[in-house]
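Only one structure is covered here, and it is reproduced in the block below.
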Amino acid sequence: MSVIFDKEKKIFHLQTRSSSYIISIYKDVLLRHIYYGKRINSLSGIENLIPKEYVVFGINSPHLNYSAVDEAISQEYPTFGCGDLRMPAFHAEFEDGSSASALLYKKYKIFSGKNSLSSMPSVYTETQEECVTLEIELTEAVKNVTVILSYSVFEEYDAIVRSVKIINNEEYLNIKSALSMTIDIDCIDMDFVHLHGRWAKERNIERASLIHGKMEVDSKRGSSSHMHSPFFALCDNKADENNGNVYGFSLVYSGNFSCGAEVSSTDTVRAYMGINPFDFNWLLEEGEIFETPEVVMVYSDCGFNKMSQIYHKLYRERMCRGYWRDRERPILINNWEATYFNFNEEKILNIASEAKQLGVELMVLDDGWFGRRDREDSSLGDWYVDKRKLPNGLSSLANNINKLGMKFGLWFEPEMISPDSDLYRNHPDWCLHIEGRKSSLGRNQLVLDLSRQDVCDYVVEAVSDVLNSANIEYVKWDFNRNLSEIGSTKLPANRQHEISHRYVLGLYSVLERLTKAFPRVLFEGCSGGGGRYDAAMLAYFPQYWTSDDSDAVERIEIQYGTSLVMPSVTMGAHVSAVPNHQVGRCTSLSMRGHVAMVGQFGYELDLGLLSKEEKEEVKKQINLYKSIRKIVHNGKMYRISSPFEKNNTDWIFVSDEKTKAVFFHFNVLGKPNPNSYVVKLSGLSENKIYQERTSEKVYSGDVLMNVGLIFSDNKDFSSEVYFFEEVM
Ligand code: DGJ
């Protein structure tokens, strides 16, 4: 049983394979956070560690004494205004205008399995046995408002999934903030780790020691964004990839979020995560329920690799879903960097036929096939084929590509509308806008108002019509700007701050309907590259275009940072032309191939322009990828050397039984007369003997992990792949 309630001690004990999470009910009313960390098997004596006397807020208690507010009380779901003055998890306004509240323990329920959220993607189960859920009900001390905290404990996956439901039975409740979690931790000696970036440079790892006050990252952009990922970790100051305590928090949400750590004057740490309270409110009608997105919490007692491995497995198997979840995805060629908007049917067929000869399986036609879209400034919303470029239509193009023996895929950006489009001319009110205020353009486009049901219905219909018109087996779903002038003509003034969240819910409903209606279509997510590449999106997009930067050197950093949370099987990665279109760098074809092989492999260049030798190399890359992809996508990933710290990057993927492993070594710049250095591999079995497939050299796991391989890099942009198999 992974959730135990000790009635005597009034303690809930949640246990995963390697972690324990402990909550106590203090004086029958206050829910207190006690512990999160390494798994504890016996709770004997824990009650002695829980202080006997505390100020209990918001109730008629003899201990009530606001002047002695104790900021050291660790709470499980703190409110604001009744004593605790740190970051609240719940903050709401009542009919009388007051916003102080206190949530008191009422009852609990433990059951096998897990409920899904009704309006948002959530981690799912395949069997009741793989998870146990604890629901704790709290009630507001004065008002008729119920809050249910939910904890689903995935013992074997080693993760706990939290979310919150707020049920209103008052005439008026205006939620100003409802976070998905807070955790109070009694240790200030920790680092805050997060992923920041920008367009074409997503998910750089940043780490800093906690400070008094708040360290926070957020998004106010209407999407989880390129700039900050809805993820952070707290770790021991000395934690590294393989050592130390690490706590990971990943939010299953694609809109405005906020997360951080607040250190109080008494050195307590409150970690928090949820929908961004900034510019948010939600009027919850009497009898209605508001649900928060889920947070997936992972604790590792041995560094970041273990944390990432837990996320990878859980997200690969219990967030990604549907037909493509466990299937090998087709190797694709995308025409974007080969042609941009300048293509016709012949060009596309030529690219496809060259690619087919080298082993590529799917031809993706990117932006520019619809309306009169010759540049970025028109036609989004006009999802009908441009007969000037494709006179025979999509169906004929798809058939011709199918005849070559390839699948056909298509780009869309369905959430957008160009001011120069028939859609805008017919429905100028369908975009997010504020009456009387000029709308800011982003990439010359506006954003459709997905808080409206009629607009969501239009998007589903428009995309469905195209998908029904031809044999389209793959969709690239792009999203290229942030939300601004966030206003909707369908909502009253007092609900305008609900729009950003309603937009995200609208988007989820659209994606839900489309992925259900076209279950065999492989949907790849994209947001100007890897913006909005978050856990929730994996429920619809089993793969995601990791970044618009296809340069191999840049991609090493981007993919390394992305791998903190996202499994490699979800990372779209392509070999592109040199000089690279984003940074002008000329890297070797070998390195470009090896970097892309770590994700969902593809090409994005005109293969017809390659030399004969290069084409041969492409063929070999495709064969190599086919032979290693099972291990790279399903195995455990160990990051060994970081591109954020070194000139060389190393990572290895090891099969579950440790019988096979694929090791990658990348070197950015060569050095004259270079020193040699050792790279020690990880994750192998010390007792097994392995043979490397190409060199046929034999090593023990012991030697590979403790003595290591020797490298000496004298060439720029070099890379190696070693495929180890156990010798029987
Ligand atoms: C941004 C994407 O990230 C690119 O791959 C490409 O699809 C362009 N949009 C097309 O406009």
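The numbers here are math on the coordinates, done by the rules we state, and not lab data. Note that the structure is a prediction, hence the values are computed from the model and not measured. Here the Cβ is made from the backbone with ideal geometry for all residues, glycine too, and neighbour counts use every protein chain on show.
Here are a few things to note about the model shown:
- Within the same chain, lysines fewer than 8 places from Lys238 are excluded, and of the rest, those with a Cα less than 16 Å from its Cα are Lys306.
- Using C-alpha pairs below 8 Å separated by at least 6 residues, the relative contact order for the range 417-459 is 39 percent.
- Taking other C-beta atoms within 10 Å as the exposure proxy, Ser685, Ser180 rank Ser685, Ser180 from fewest upward.
- Estimated translational D of the range 263-384 in µm²/s (Stokes, Kirkwood radius over Cα pairs; 20 °C; 1.002 mPa s): 104
- Size descriptor for the range 420-523, Kirkwood hydrodynamic radius: 14.8 Å (Cα pairs only, one decimal).
- Taking amide H as placed 1.01 Å from N in the peptide plane, the amide H of Asn243 sits under 5 Å from that of Gly303, Phe304, each at least 5 places away or on another chain.
- Cα-Cα separations in the range 334-373 greater than 12 Å, expressed as whole percent: 57
- Average Cα contact separation per residue, the chain, under 8 Å, 6 or more apart, as relative contact order %: 10
- Note on the chain: with charges restricted to the Cβ of Lys and Arg (+1) and Asp and Glu (-1), its dipole about the Cα centre is near 1340 debye.
- Fraction of beta bridges assigned by DSSP in the chain that are antiparallel (%, nearest 5): 80
- For Tyr474, distant residues with modelled amide H under 5 Å away: Leu410, Leu522
- Label positions at Lys438 and Glu616, each projected 7 Å from the Cα along the C-beta direction, are separated by 6.0 nm.
- With Cα atoms as the point set, the range 568-613 shows a radius of gyration and Dmax of 10.9, 32 Å.
- Euclidean distance between Cα centres, the range 133-188 to the range 467-508, Å: 27
- Value in Å of the Kirkwood radius, where the range 147-188 supplies the Cα pairs that are averaged: 12.9
- For the pair the range 655-725 and the range 575-640, the centres of their Cα atoms are 19 angstrom apart.
- By other beta-carbon atoms within 10 Å, ranking Cys82, Cys259 with the fewest at the front produces Cys82, Cys259.
- Within the range 291-367, the GluC sites (Glu not before Pro) that combine a DSSP coil assignment with at most 15 other C-beta atoms in a 10 angstrom radius are Glu328.
- Dividing the C-alpha radius of gyration of the range 101-201 by 2.2 N^0.38 Å, with N its residue count, gives 1.34.
- Working note: Karplus 6.51/-1.76/1.60 with θ = phi - 60° gives the range 325-337 the couplings 3, 9, 8, 5, 8, x, 6, 10, 10, 10, 8, 4, 6 Hz, where Gly and Pro are set to x.
- For the pair Asp326 and Asn48, a Förster radius of 45 Å applied to the C-beta separation gives a FRET efficiency near 0.40, rounded to the nearest 0.05.
- Integer Hz, Karplus 6.51/-1.76/1.60 couplings in order for the range 610-618, x for Gly and Pro: 7, 6, 4, 5, 5, 4, 4, 5, 4
- Near the amide H of Met571, within less than 5 Å, lie the amide hydrogens of Tyr544, Gln600, all on another chain or at least 5 residues away, with H placed in the peptide plane.
- From the alpha carbon centroid of the range 22-49 to that of the range 207-278 is 24 Å.
- Loop-resident chymotrypsin sites (Phe, Trp or Tyr not before Pro) (DSSP state other than H, G, I, E or B) in the range 629-704 with no more than 14 further Cβ atoms inside 10 Å of their Cβ: Phe644.
- Values of log10 I(q)/I(0), in the order q = 0.27 Å⁻¹, for the range 155-228 under a Debye, Cα-only, solvent-free model: -1.24
- Gyration tensor (Cα) of the chain, equivalent ellipsoid semi-axes in angstrom: 44, 35, 20
- For the range 283-297, 3J(HN,Hα) per residue [Karplus equation, 6.51 cos²θ - 1.76 cosθ + 1.60, θ = phi - 60°, Hz, x = Gly/Pro]: 7, 9, 5, 4, x, 8, 10, 10, 10, 8, x, 7, 10, 9, 9
- Ordering Ile310, Ile622, Ile110 from the fewest to the most neighbouring beta carbons within 10 Å gives Ile110, Ile622, Ile310.
- What the pair-distance distribution of the range 641-728 shows, using all Cα-Cα distances binned every 5 Å from zero, is 3, 14, 25, 24, 16, 11, 5, 1, 0 percent.
- Here is the list for the range 489-544: trypsin sites (Lys or Arg not before Pro) lying in DSSP coil, each with at most 10 other C-beta atoms within 10 angstrom of its C-beta, are Arg520.
- Length available on full extension from Ile188 to Glu376: 0.36 nm per residue minus the Cα-Cα distance, which gives 62.8 nm.
- Point-charge dipole on Cβ atoms (K/R +1, D/E -1) for the range 58-214, about Cα centre, debye to 20: 400
- Cα-based equivalent ellipsoid, the range 585-713: semi-axes from gyration tensor eigenvalues, Å: 26, 20, 13
- Efficiency of FRET between Asn494 and Tyr124 - r from beta-carbon atoms, R0 30 angstrom, step 0.05: 0.30
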